[in-house]
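Okay, so here's the structure we're looking at.
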């Protein structure tokens, strides 16, 4: 049995479900909303590369080091983005959250906060992770601010660490949160989500097993 098993998570009209080839058209449409592949500090698939992107994610899932999820807008049924657990290390109960991007129309909405809350809650409260990590491009300042808003701590910078799609080499900014830091971060995330839904406080994450 894998450390990260197939799971569906939902809250506030946002659903995360295991990414599959059935999501190819939806993922391509989400990437086209804003032509996100033109952003040099992300890994959004270019037109015609969506199937290969999903196949790579599925190969990494088989290898046990990445579990990709599709982010679905429940009201419309549309796929609006994707995120993953990756660099999964069961022996020390560590995962990272990344490979995250969203259609332009849902950026700077409640979607990212909701999805991150679901992923963090599942990692700490269900999987029993000791630590959750994040990494991002040193020039992706929006991503760094978003990670910091979650309550993660900056660990440092890995210099000359990874290739970008344009062939340049990036520095990678590393963040993490420990299990001991999660309760306070969880309370803050719930507070932020309640600002978006003052009439309906967020319920606990709904977790369903299954592939």
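Coordinate-derived values only; no laboratory data. Remember, predicted model here, so these are calculated numbers, not experimental data. Reconstructed Cβ throughout: ideal geometry from the backbone, glycine too, with neighbour counts over all protein chains shown.
Taking the alpha-carbon centroid of each part, what is the distance from the range 123-185 to the range 83-109 in angstrom? Using only Cα atoms, the two centres lie 10 Å from each other.
With no solvent and one equal point scatterer placed on each C-alpha of the range 5-44, evaluate the Debye formula and give log10 I(q)/I(0) for q = 0.28 Å⁻¹, two decimals. Listed by q, the Debye log ratios stand at -0.96. With the convex hull of the Cα atoms taken as the outline of the range 25-161, the averaged projected area works out to 8.9 nm².
The length gained on full extension between residue 78 and residue 29, counted as 0.36 nm times the residue separation minus their Cα-Cα distance, comes to 16.7 nm. Computed over the range 1-103, the quotient of the alpha carbon radius of gyration and 2.2 N^0.38 Å is 1.05. In this rough spin-label picture, where each label sits 7 Å from Cα along the Cβ direction, the residue 188-residue 171 distance is 2.4 nm.
Scaled against 2.2 N^0.38 Å for its residue count N, the alpha carbon radius of gyration of the range 56-98 is 1.35. The fraction of all Cα pairs in the range 83-202 landing in successive 5 Å bins from 0 to the largest distance is 2, 10, 20, 23, 20, 14, 7, 3, 1, 0, given as whole percents. For the chain, a Gaussian network of Cα nodes joined below 10 Å ranks 117, 99, 191 by mean-square fluctuation, and the top entry is 191.
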